1. Is there any pair linking a residue in segment 84-96 that is surrounded by 10 or more Cβ atoms within 10 Å (Cβ to Cβ) to one that is part of a helix (DSSP H, G or I) and not charged (D, E, K, R), with Cβ under 7 Å and at least six apart or on different chains, and which?
2. Which condition does V77 not pass, out of (1) surrounded by 16 or more Cβ atoms within 10 Å (Cβ to Cβ); (2) touching a strand residue (DSSP E or B) at 6+ places or on another chain (Cβ under 6 Å), if it passes all the others?
3. Please report, ordered by residue number, the strands (runs of 3 or more DSSP E) entirely within segment 1-104 with at least 1 residues that are in contact with an Asp or Glu (Cβ under 8 Å, 6 or more places away or on another chain) and among the polar types (S, T, N, Q).
4. Of a type in the set (G, A, S), in contact with a Gly (Cβ under 9 Å, 6 or more places away or on another chain), touching a residue at least 12 places away in the same chain (Cβ under 8 Å) and within 16 Å of C35 (Cα to Cα), is that true of G64?
5. Got a number for residues in segment 42-73 being crowded, with 19+ Cβ neighbours inside 10 Å and touching a Phe, Trp or Tyr at 6+ places or on another chain (Cβ under 8 Å)?
6. Of everything in segment 105-120, what is part of a helix (DSSP H, G or I) and in contact (Cβ under 8 Å) with a residue 24 or more places away in the chain? Give them in sequence order.
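Throughout, read-outs are computed from the coordinates displayed, never taken from laboratory work. Predicted, not measured: the structure shown is a model, and the values here were computed from it. In this analysis, Cβ positions are derived from the backbone assuming ideal geometry, glycine residues included, and neighbour counts consider all displayed protein chains.
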Amino acid sequence: MGEKPYCIEILGQNIGEDLYVCIAGGTKPHIGAVCLSQYHPSMKDPNKPSASTSLLVIVPHKEGEIITKIGDDLARVLQKNIVITGGIHIDQASEQDIHILLGNLDQALTELKAQFYCTK
């Protein structure tokens, strides 16, 4: 999604009832962080979906906060366990660069949710 250097690529793969997602982009795609989001019913209201997420970050990468939010959201929406690897990089990224990348990421995630929602 998007044009270089702001291109974001998201690949999703069902693994049994679970989902693996790879998020990469910018000028130097890499693996900067990994999260595991486990779907479960909310402890306060079992009729509401919830998720618990664990995170590993390779220092000094900063993708952890982003992929944690994405993992929680996907686990709740798709009601699946989710593993995400993420790595997006642009040298000396400005606030504008980050804003464009996040917009492209949001669009790509909307497409991913539509693609996998019907397979939950």
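1. Pairs found: I84/I67; I84/I70; I84/G71; G86/I66; G86/I67; I88/L101.
2. Here V77 clears every test but (2).
3. 33-41, 49-57
4. In short, yes.
5. 1
6. L105, Q107, A108, L109, E111, L112, K113, Q115, F116, Y117
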